[in-house]
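Chemist: Structure below; questions to follow.
Nothing in this text is a laboratory measurement; each read-out follows from the coordinates by a stated rule. Nothing here was measured: the structure is a model prediction, and the numbers come from that model.
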Amino acid sequence: AAGLWTVFTLGGVGSKASAQPEQCSPLASQSLLLLLVLANLTDAPDTPNPYRQAIMSFKNTQDNTAFSSSNPHAFQINFNSLYTALCEQQKSDQATLLLYMLLHQNSNVRTYVLARTDIENLV
């Protein structure tokens, strides 16, 4: 989960902004590309893609509901930090594709983004 958190925050939410986001953290960019490739691999006939399952099922750390560990791929992440990182990196095609995947495949992220009052930062 710690590795995915690094990928989701795209190298750190509090990092300095630069004119070229890909140049400031090449490891984060490459990690995000790897995550996107792994999450979009096709499912095997007998087992679903574990990366896609993780993308579809993670929850907010600030959510008050109980965290069920029945899903082996389930983890929690701070949606506020994720939202801030995605807003800062929207010039990156990879970050936009990650946002698209999260909005379409994870109902928890979709609900959180739609509840935000500052959605214009994302758009």
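Chemist: For the range 40-122, count all C-alpha to C-alpha pairs, find those more than 14 Å apart, and express that count as a whole percent of the total. Write out the running numbers ahead of the final one.
Modeler: Values: 2275 of 3403 pairs.
Cα-Cα pairs in the range 40-122 separated by more than 14 Å: 67 percent.
Chemist: Next up: List every residue whose amide H lies under 5 Å from the amide H of residue 76, counting only residues 5 or more places away in sequence or on a different chain, with H placed 1.01 Å from N in the peptide plane.
Modeler: So residue 76 has HN proximity to 59.
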